[in-house]
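J.: Shown below is the structure under consideration.
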């Protein structure tokens, strides 16, 4: 079994005449909790879309679980949670249980009935994120942090080996953000799920992640949180392309 879940080699990508990614090389190893940081417009979401096969790079190669992208078929191995604040309809008439069940649709089929095993998988995923007391609650009545836990459960219901999250805490209050990161830490450490989290919260990343990647068109840093925190303000300003002042958080 290969230890590499995602392998990116010499990735280039442009939107029309604007270069977004340039010669990006990255290995995501099994079992890590990787935090991806960088400025807005630095190519983070574009790189995620390339990893998920949504976009095809102009140059370079992508391998998933040891297979070239065009030969990889088992997408249930990968769970994805996106920003929800700009797209989720809070009036959507569905319970937590129903929303999580949607995660099984690709495997079971939209027109098929769920059996006892499927229903147990749904409840297991809901318990994994600590939302069992809200299984029959309307998702529109939940807080932003609770809703994101439900979306994680929807991604977990297929037992993925890798969970990718693209800035999932946008619009979530500070207290729930702290609980959210604690949940991710638990999924990585206790459930052995490999995580890739795109975020601007570098403070939380240095506390929870095992690896940090800093992307601004090129890959400027890939290493342990301790090494990232040792970067000077001048280093970060060079990477981000504008002055950066480090703010220390009391955790």
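A short reminder: the numbers here are calculations on the coordinates, not readings from a lab. All of these numbers come straight from a predicted model, not from anything done at the bench. Cβ sites come from the backbone with ideal geometry, for glycine too, and all protein chains shown count toward neighbours.
J.: Could you check which residue among 159, 182, 17 shows the biggest mean-square fluctuation in a GNM of the chain with a 10 Å Cα cutoff?
T.: 17
J.: Given the convex hull of the Cα atoms of the stretch 140-251, what is a quarter of its surface area in nm²?
T.: 8.1 nm²
J.: FRET efficiency for residue 127 and residue 3, Cβ-Cβ distance as r, R0 = 30 Å, nearest 0.05?
T.: 0.55
J.: While we're looking at this one, here's another question. Which whole-number percentage describes the relative contact order of the stretch 1-77, with Cα contacts under 8 Å and a sequence gap of 6 or more?
T.: Relative contact order, the stretch 1-77: 38 percent.
J.: Another question, then. Measure nothing but the geometry: give the 0 to 90° angle between the long axis through the Cα atoms of 116-128 and the longest principal axis through the Cα atoms of the chain, rounded to 10°.
T.: 50 degrees
J.: Could you check the simple spin-label distance between residue 98 and residue 117, using points 7 Å along Cα→Cβ, in nm with one decimal?
T.: 2.6 nm
J.: Separate question: Taking the 0 to 90 degree range and rounding to the nearest ten, how far is the long axis of helix 144-156 tilted relative to the main principal axis of the chain, both from C-alpha atoms?
T.: Once rounded, the angle reads 80 degrees.
J.: Project the alpha carbons of the chain onto their principal axes and report the range along each, largest first, in whole Å.
T.: Cα extents, longest axis first: 54, 46, 36 Å.
J.: Per-residue ellipticity at 222 nm for the chain, helices alone: DSSP H runs ≥ 4 residues times -39500 (n - 2.57), over residue total, nearest 500 deg cm²/dmol?
T.: Dividing the helical sum by the residues of the chain leaves -9000 deg cm²/dmol.
J.: Turning to a different aspect of this structure: When the convex hull of the Cα atoms of the stretch 91-201 is projected onto a plane and the area is averaged over all directions, what value comes out in nm²?
T.: Here the figure is 7.1 nm², rounded to one decimal.
J.: Let me ask something additional. Testing the spin-label approximation: label points 7 Å from Cα along Cα→Cβ at residue 49 and residue 185. State their distance in nm.
T.: Rounded to a tenth, the inter-label distance reads 3.4 nm.
J.: Find the eigenvalues of the gyration tensor of the Cα atoms of the stretch 181-236, then list the square roots of 5 times those eigenvalues as equivalent ellipsoid semi-axes, largest first, in whole angstrom.
T.: They are 22, 12, 9 Å, listed largest first.
J.: If I stretch the segment between residue 178 and residue 229 completely, what's the gain in nm (0.36 nm per residue apart, minus their alpha carbon distance), one decimal?
T.: Difference between extended and current length: 16.4 nm.
J.: Relative to the longest principal axis of the C-alpha atoms of the chain, give the angle of the C-alpha long axis of helix 174-189, reported between 0 and 90° and rounded to the nearest 10°.
T.: Helix 174-189 and the main axis of the chain meet at about 90 degrees.
J.: Just the number, please: percent antiparallel of the DSSP beta bridges in the chain, rounded to the nearest 5.
T.: Percentage antiparallel, nearest 5: 55.
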